[in-house]
Amino acid sequence: MLTFIVRRLLLAVPVLLGVVFVVMLTVDLLPGDAVSLMLGEHSTPQAVAALRDYLGLDKPLATRYVQYVGRLLTGDLGRSIQQNRPVTAELAEAWPATLELTLAALVLATVFGVTAGVVSAVWPSSLFDAVARLGSLFGLSLPVFWTGLVLIVIFAWWLPWLPVGGTGSLAHLVLPAVALALPSTAMVARMTRSSVLEVLREDYVRTARAKGVRERWVVAKHALRNAAIPVLTLLGLQAGQLMGGAVLTETVFAWPGLGRLMVKAIFARDYVLLQGAVLVFSLAFVLINLLVDLSYGALDPRVSKQG
């Protein structure tokens with residue numbers, strides 16, 4: 001198991017270096033002169049030259065990459081051009097709100113998605129199965145921003161039960177978390193149903209039933225455990241997508257998180273801040289997938305032996 005963990009950690013290193021390289025190229029990939037875009041159309045040649053020197057755009061790409069990695073190792077992401085504050089300070093203020101929203105949506109998607117998928121698999125072709133499959137179809141079809149607007153109209157305008165947006169209490173978290181979790185809940189439900197149905201057809205499940213094991217223990221101990229790996233893989237992918245979807249959700253609900261900060265940075269042409277936010281999102285996605293990969297060994301020891 002230790003060898004499996006070490007291998008996965010070593011494999012994550014080149015992925016992280018590749019992510020850093022792509023993020024560093026954000027400014028270079030912009031159409032036109034990125035520095036002139038940052039400073040605006042009334043910028044002076046002296047200001048453009050000074051910012052170009054500050055960003056290191058007058059140096060070769062390899063040199064800039066090495067310097068960028070070196071700054072990252074010391075926790076230096078540069079300074080926000082608009083706010084004139086360290087990017088790390090801006091991200092530190094916004095990241096907890098995004099993490100709170102993402103975790104809340106992931107918990108909702110896991111609890112309701114897995115429950116609906118298991119019940120649908122245990123009683124296929126039932127009324128609940130039909131309703132769950134139809135609901136998952138709608139959940140996958142509706143975009144997050146549209147769902148968020150509908151929830152605001154229903155629960156904040158027609159039925160003034162919940163606040164429209166902002167943060168500060170659990171009530172503020174309900175609508176954005178539900179809007180963000182709906183597509184993931186639908187995907188988890190469909191994957192859980194498919195995986196559990198496949199496992200329930202296996203010989204060892206029929207053997208357990210023939211021995212008189214209670215159905216709930218058959219489902220919990222045999223079916224759900226062995227069907228957990230594809231579901232866990234999907235949850236890892238959904239965690240990254242939930243953070244990406246938080247950009248729209250935070251904008252709709254005025255949630256002061258990293259996604260809303262990225263939108264502000266785009267409109268303000270603060271690409272240094274945007275680079276830092278994209279890097280944090282990317283590193284979080286890599287870390288989540290690494291944790292999911294490591295959890296395979298705990299669920300199925302054969303995976304760690306093969307890896």
TODO: Return one number: the angle in degrees, 0 to 90 and rounded to the nearest 10, between the long axis of the Cα atoms of helix 170-200 and the longest principal axis of the Cα atoms of the chain.
DONE: 50
Task: Two-decimal ratio, the chain, of alpha-carbon radius of gyration to 2.2 N^0.38 Å - done: 1.21
Task: Candidates per trypsin sites (Lys or Arg not before Pro) in the range 186-276, loop by DSSP, up to 14 other Cβ within 10 Å - done: Arg201, Lys211, Arg214
Open item on the list: With a cut-off of 8 Å between alpha carbons and a minimum separation of six or more residues, what is the relative contact order of the chain in percent?
Closed with: 28
Task: Nitroxide proxy distance, nm - points 7 Å out along Cα→Cβ at Leu170 and Leu291 - done: 2.2
Task: Sites matching chymotrypsin sites (Phe, Trp or Tyr not before Pro) across the range 135-214 that sit in DSSP coil, with at most 13 neighbouring C-beta atoms within 10 Å - done: Trp161
Open item on the list: Which one, Ser136, Pro14, Ser295, projects farthest toward the positive side of the charge dipole computed for the chain from Cβ point charges (K/R +1, D/E -1)?
Closed with: Ser295
Task: Nearest-20 debye value, the range 116-261 charge dipole, Cβ charges on Lys, Arg, Asp, Glu - done: 520
Task: Helix axis angle, 271-299 relative to the chain longest principal axis, alpha carbon, degrees - done: 30
- [ ] Quick one: dipole size for the chain, taken about the Cα centre, charges +1 on Lys/Arg Cβ and -1 on Asp/Glu Cβ, in debye to the nearest 20.
- [x] 1160
Task: Positive minus negative residues near Thr98 (Lys, Arg vs Asp, Glu; Cβ under 9 Å) - done: -1
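FYI, it's all coordinate maths here, none of it is from the lab. As the structure is a computational prediction, the values presented were derived from the model and not from experiment. Cβ atoms come from the backbone with ideal geometry, glycine included; neighbour counts cover every protein chain shown.
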